[in-house]
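A.B. asks: What follows is a single structure, and I will ask about it in a moment.
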Amino acid sequence: QVQLVESGGGLVHPGGSLRLSCAASGDISRPNTMGWYRQAPGKERELVSTKADNGYTTYADSVRGRFTISRDNAKNTVYLQMNTLKAEDTAVYYCRWIGLKSYWGQGTQVTVSS
């Protein structure tokens, strides 16, 4: 089992920034990928960004250039720096760990509103 603990969500004005963190613990195997997905009300869960422990990185087109993913392999922690936030970024953000199995965090709410 892998446990994921997320933090950093909240309410921010359009144009603002937030930083999400997700720490993994438990049966950590390598190689692995950690990343972020989000789900807005009435929509399907979608990929935001992922980063493998070898550095390979992906971004959704909608966030490229505004969001930056990073990870600390020694701490098994992934971060998502979100800048220039828009109302359409409002969603529950879920951390995901992918190794021999896949695990999800409990989700953290991000609300972008004036």
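The values are calculated or read from the model by the stated rules, or taken from the named source; none is laboratory data. Owing to the predicted nature of the structure, the values given are computational and were not obtained by experimental measurement. Accessible surface areas use protein heavy atoms only, side chains included; no ligands, DNA or RNA. Shrake-Rupley method; radii C 1.70, N 1.55, O 1.52, S 1.80 Å.
A.B. asks: Can you tell me which residues in the stretch 4-55 are under 21 Å from VAL110 (Cα atoms) and polar (S, T, N, Q)? Let's see the steps before the verdict.
C.D. replies: Residues of the stretch 4-55 under 21 Å from VAL110 (Cα atoms): 4-24, 34-51.
Those that are under 21 Å from VAL110 (Cα atoms) and polar (S, T, N, Q): SER7, SER17, SER21, GLN39, SER49, THR50.
A.B. asks: With the stretch 8-61 as the region, which strands (runs of 3 or more DSSP E) entirely inside it contain at least 2 residues that are open to solvent by 30 Å² or more (accessible area, probe 1.4 Å)? If you could, list the steps in order and put the result at the bottom.
C.D. replies: Values: elements: 10-12, 18-26, 33-39, 46-52, 57-59.
Counting at least 2 such residues, we get 18-26, 33-39, 46-52, 57-59.
A.B. asks: Give the number of residues within the stretch 67-98 that are open to solvent by 10 Å² or more (accessible area, probe 1.4 Å), closer than 16 Å to GLU6 by Cα and of a type in the set (Ser, Thr, Tyr).
C.D. replies: 4
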